[in-house]
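Contents: one structure, followed by commentary.
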Amino acid sequence: MDLEVRHLRVLCAIADAGSLHRAARELGLAQPSLSTQLRRIEQALGGRLFTRDRTGCRPTPLGRLVLGRARPLVRELGALVAEARAAATRAPGGPRPRIGATASRALPGWLRRLRARVPPADPTLHVDASANALLRMVAEGGLDLAFVHEVEGSPLRVPAGLSVRVLVQREPQFVSLAADHPAAARHEVRLADLAGERWMVDSTVDGEWDGLCRVLREAGIEPRLLHGDYLTAYTLAATGEVVTVSQPTARPRSDLAIRPLRGDPIGVRLLLAARTEAELEDGYAELADAYWEVAAQSPVYRAWLDHTDHAPAPV
């Protein structure tokens, strides 16, 4: 087998993730497929590149040698692709920024504001549950901007060379539960009120599963977690089957109660990333306006923001 750049990217992803499971998820591969690729790469190079045990993967001495040469090559190719793609998108009709984002109600307002510019921008949009995947796409030239959230206690892996600006230093995460749930009668819900509940979490959202487990255990609650996308989670929460973490800007629903958690134990940081400060500057103001517009439209979040002990300002 001839070694290719894509194989080097696989090795870097495994080293960065620290486990085959996480690397496979971030690369969009099945873990058996990634394991097969790694075996073939190791056979081509003549030795084991990673030791694998219950705690994850660690580079062997040979692996460290290969990674030391692989990373600069991957970065250089990424820079070449980024420059070429950026040049290719500079069409005569005006700028066409390529935007990536994790899910947010601010996205429609952000796109609307960009299109209202003079001259107008005509952005494309790529939504992904994985913030780390979006950051890699920016670094590799597949996106110009990425609006992502970073779960508290689970730092994102920001590729070298990216510029990052904080939109909100700490956004509280609320809980969504059935409108007739006993805890929904309170203005704030204690984790203890939900001790016997099943939580549904999307484990493809970087840091979300681990973050919730950590918070529940710190509260003395053994987590009962189910995996599912958040559209399914909200549907099941409305029927009382589960409770789920909710962005504070979530749209109100008659069958669903969105409540702050007492003490705000779960938080995220909202970030905008680009390859250059100029690109950040070009998209930041419209994003900030869009975010605070939807924050003002959420009655529960607006009340939380108006509380004298809260009110995080945009950074």
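The values are calculated or read from the model by the stated rules, or taken from the named source; none is laboratory data. Note that the structure is a prediction, hence the values are computed from the model and not measured. Here Cβ is always computed from backbone atoms with ideal geometry, including for glycine, and neighbour counts include all displayed protein chains. Heads up: the accessible areas ignore ligands, DNA and RNA and are worked out on the full protein's heavy atoms, side chains in. Shrake-Rupley method; radii C 1.70, N 1.55, O 1.52, S 1.80 Å.
Over the chain, what is the relative contact order in percent, taking alpha-carbon pairs closer than 8 angstrom and at least six residues apart?
Computed over the chain, the figure is 20 percent.
³J(HN,Hα) across region 191-197 via Karplus (A = 6.51, B = -1.76, C = 1.60, θ = phi - 60°), whole Hz, x for Gly/Pro?
Couplings: 4, 4, 5, 10, 4, x, 8 Hz.
What is the set of long-range amide H partners of Val189 at a cut-off below 5 Å, with H atoms built 1.01 Å from backbone N?
The answer is Leu261, Arg262.
Using a/c under 1.5 as the rounded threshold, could you call region 136-278 rounded, prolate or oblate? The axes a ≥ b ≥ c are square roots of the C-alpha gyration tensor eigenvalues, and prolate needs a/b larger than b/c, oblate otherwise.
prolate
Apply the Karplus parameterisation 6.51 cos²θ - 1.76 cosθ + 1.60, with θ equal to phi minus 60°, to every residue of region 128-145 and state each ³J(HN,Hα) to the nearest whole Hz, in sequence, with x for glycine and proline.
Karplus-based 3J(HN,Hα) across region 128-145 equals 9, 5, 8, 5, 4, 5, 5, 4, 5, 5, 5, 4, 8, x, x, 9, 8, 9 Hz.
Contour minus end-to-end for Thr232 and Asp289, with contour as 0.36 nm per residue of separation and end-to-end as the Cα-Cα distance?
Taking 0.36 nm per residue and subtracting the Cα distance, the gain is 17.6 nm.
Using each residue's phi in region 216-223, evaluate 6.51 cos²θ - 1.76 cosθ + 1.60 at θ = phi - 60° and report the 3J(HN,Hα) Karplus result to the nearest Hz, with x for Gly and Pro.
5, 5, 5, 8, x, 10, 7, x
Would you please give the residues with an amide H less than 5 Å from that of Arg98, counting only those at least 5 places away or on a separate chain, with H modeled from the backbone geometry?
It is Thr124, Asp144, Leu145, by chain and number.
Which one of Ala178, Trp304, Gly100 is farthest out on the positive end of the charge dipole of the chain, using unit charges on Cβ (Lys, Arg +1; Asp, Glu -1) and the Cα centre as origin?
Of the candidates, Gly100 comes out farthest on the positive side.
For Ser163 and Ala179 in the same chain, what is the full-extension length gain: residue separation times 0.36 nm, less their Cα-Cα distance, in nm?
1.6 nm
If you project the alpha carbons of region 218-315 onto their three principal axes, what span does each projection cover, largest first, in Å?
Ordered largest first, region 218-315 gives principal extents of 46, 32, 31 Å.
As an exercise, find the ratio Rg/Rh for region 89-201 from alpha-carbon atoms, using the Kirkwood inverse-distance average for Rh.
1.09
Can you tell me how region 193-232 classifies by the Cα gyration tensor, rounded, prolate or oblate, using a/c under 1.5 as the rounded cut?
oblate
Taking Rh as the Kirkwood radius computed over C-alpha pairs, what is the Stokes-Einstein D of region 149-232 at 25 °C in a medium of viscosity 0.890 mPa s, expressed in µm² per second?
Numbers: Rh = 14.8 Å.
The estimated diffusion coefficient comes to 165 µm²/s.
Which percent of the Cα-Cα distances in the chain go past 37 Å?
For the chain, the fraction of Cα-Cα distances above 37 Å is 24 percent.
What Kirkwood radius, in Å to one decimal, follows from the Cα pairs of region 131-180? List each step's numbers first, then the result.
Numbers: mean 1/r = 0.0778 Å⁻¹.
Taking the inverse mean of 1/r over all distinct Cα pairs, region 131-180 comes out at 12.9 Å.
With a 1.4 Å probe and every protein chain kept in, tell me what percent of the accessible surface of region 175-315 is carbon plus sulfur.
52 percent
Suppose every K and R has +1 on its Cβ and every D and E has -1 on its Cβ; what is the size of the dipole of region 200-315 about the Cα centre, in Debye to the nearest 20?
560 debye
Find the centroid of the Cα atoms in region 8-29 and in region 286-303, then give the distance between the two in whole Å.
Centre-to-centre (Cα) distance: 36 Å.
Size of the dipole of the chain about the Cα centre, Lys and Arg at +1 and Asp and Glu at -1 on the beta carbon, nothing else charged, in debye to 20?
That gives a dipole near 840 debye.
How much accessible area per residue does the chain have, counting only protein heavy atoms and a probe of 1.4 Å, in square angstrom?
Numbers: 15460 Å² over 315 residues.
Counting only protein heavy atoms, the per-residue value for the chain is 49 Å².
I want the local charge near Val66. Using Cβ-Cβ distances under 13 Å, sum +1 for each Lys or Arg and -1 for each Asp or Glu among the other residues.
Charge balance near Val66 sits at +4.
Any chance you could run the full-extension gain for Arg198 through Arg54? It's 0.36 nm times the residue separation minus the Cα-Cα distance, nm to one decimal.
Contour length minus the Cα-Cα distance gives 49.2 nm.
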